[in-house]
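Some notes on the structure that comes next.
The values are calculated or read from the model by the stated rules, or taken from the named source; none is laboratory data. Being a predicted model, the structure only gives us computed values, none of them experimental. Cβ placement follows ideal geometry from the backbone for every residue including glycine, while neighbour counts extend to all protein chains displayed. To get the accessible areas, we keep the full protein, side chains included, count just its heavy atoms, and leave off ligands, DNA and RNA. Shrake-Rupley method; radii C 1.70, N 1.55, O 1.52, S 1.80 Å.
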Amino acid sequence: MQLRKVTAASAAVLALALTATACGSDKKDSGSGDGKKITIGIKIDQPGIGLKTPDGKFAGFDVDVATYVAKELGYKAEDIVFKETKSADRETAIERGDVKFIAASYSINDERLQKVDFAGPYLLAHQDILVRADDDSIKSPADLNNKKLCSVAGSTSAKNVKDKLAPKAQLQTYGGYSECLTGLENKAIDALTTDDSILAGYASQQNFQGKFKLAGFKMTNENYGIGLKKGDADLKKKVDAALTKMVSDGSWDKAVKDNFGPANYKNEPAPKIGNIVK
């Protein structure tokens, strides 16, 4: 009789433990700020924007924005899981639920809005060019005619310049932005083009500081937003509120200075939530 009582009690305890475990699993990455993990998509190969450092940590403006937003949602720094999200995979990662949200130099446009929602924008960037600090020969996009312009494989930025602004520009295709910077430093190319925020991030690296400058051409408007699952109005509202607070308490300005300051990046003021600049 005594044995049956103990066995029944043990079974009850085991059942409670299994129930608690199951409940905890259901709350994983719930976005409710309950102390569980939250997975955030970022870039890990863009200095100043999103970079995985040799010690396994993450740094950059987007990382700072994402961390601030997550904390406002109730997550501690140790609860944040950063996941590399390549440009071509961003919509799929959101739709599948691989990430709760994405902060990865993610420009808001009509095509993407068909698949995902955006909070923000939190940064207004522009397509620009980067040149050597001592080069004063390129004063307008038209001056890129007959100049060697770096094009990264898979990017359309350089092609846009050649098609619309400088048809005689000589496109030089490199595997990545770091290679373009080396070519720029060695005078193998004359200019590199992509978003000014990305250029500023690369130019701010310690080994490149003082060697390059942004031209300030503002050839396009790129509104960086936080990518969210389509229809999640509650999360969008919370993220917008977090971004608004980040601007008002000075954290946004600090993040800009910390990540882009060495490149003398003349950033636009923080955009107002919902203000998409065409």
*For residues that are basic (Lys, Arg) and either within 18 Å of Met246 (Cα to Cα) or under 13 Å from the mean Cα position of the chain (by Cα) (or both), scanning just the range 73-109, find the one that is least open to solvent (accessible area, probe 1.4 Å).*
Arg90
*Could you please let me know if Val69 is under 16 Å from Asp258 (Cα atoms) and either open to solvent by less than 60 Å² (accessible area, probe 1.4 Å) or among the charged types (D, E, K, R) (or both)?*
no
*asked:* Let me spell it out: the conditions are (1) open to solvent by less than 10 Å² (accessible area, probe 1.4 Å); (2) under 21 Å from Asp234 (Cβ atoms), and Gly50 meets all of them except one. Which number is the exception?
replied: (2)
*For the range 244-272, which residues satisfy the criterion of being among the polar types (S, T, N, Q), touching a residue at least 40 places away in the same chain (Cβ under 8 Å) and part of a helix (DSSP H, G or I)?*
Ser251, Asn259
*Search the range 161-171 for residues being open to solvent by less than 60 Å² (accessible area, probe 1.4 Å) and touching a strand residue (DSSP E or B) at 6+ places or on another chain (Cβ under 7 Å), and hand back the single one that is modelled with the highest pLDDT.*
Ala169
*Long-range neighbours under 9 Å by Cβ, at least six apart or interchain, first residue among the aromatic types (Phe, Trp, Tyr) and in a helix (DSSP H, G or I) within the range 167-195, second open to solvent by 50 Å² or more (accessible area, probe 1.4 Å) and at pLDDT below 95*: Tyr177/Asp45
_Residues (part of a loop (DSSP other than H, G, I, E, B) and over 20 Å from Leu235 (Cα atoms)) located in the range 53-84_ = Thr53, Pro54, Asp55, Gly56, Lys57, Gly60
*Here are Asp232, Asp240, Asp258: which of them is in contact with an Asp or Glu (Cβ under 9 Å, 6 or more places away or on another chain), acidic (Asp, Glu) and farther than 20 Å from Ala203 by Cα?*
Asp232
*Please give the number of the condition Asp234 fails out of (1) modelled with pLDDT under 95; (2) not in a strand (DSSP E or B).*
(1)
*Name the one entry in Lys229, Lys213, Lys218, Lys266 that is surrounded by fewer than 22 Cβ atoms within 10 Å (Cβ to Cβ), modelled with pLDDT of 95 or more and more than 16 Å from the chain's Cα centre (by Cα).*
Lys229
*Return the residue satisfying two criteria in turn: it lies in the range 114-152 and is outside any strand (DSSP E or B) and among the basic types (Lys, Arg), and of such residues it is most open to solvent (accessible area, probe 1.4 Å).*
Lys139
*So which residues in the range 54-75 are touching a strand residue (DSSP E or B) at 6+ places or on another chain (Cβ under 6 Å) and among the hydroxyl-bearing types (Ser, Thr, Tyr), if there are any at all?*
Tyr75
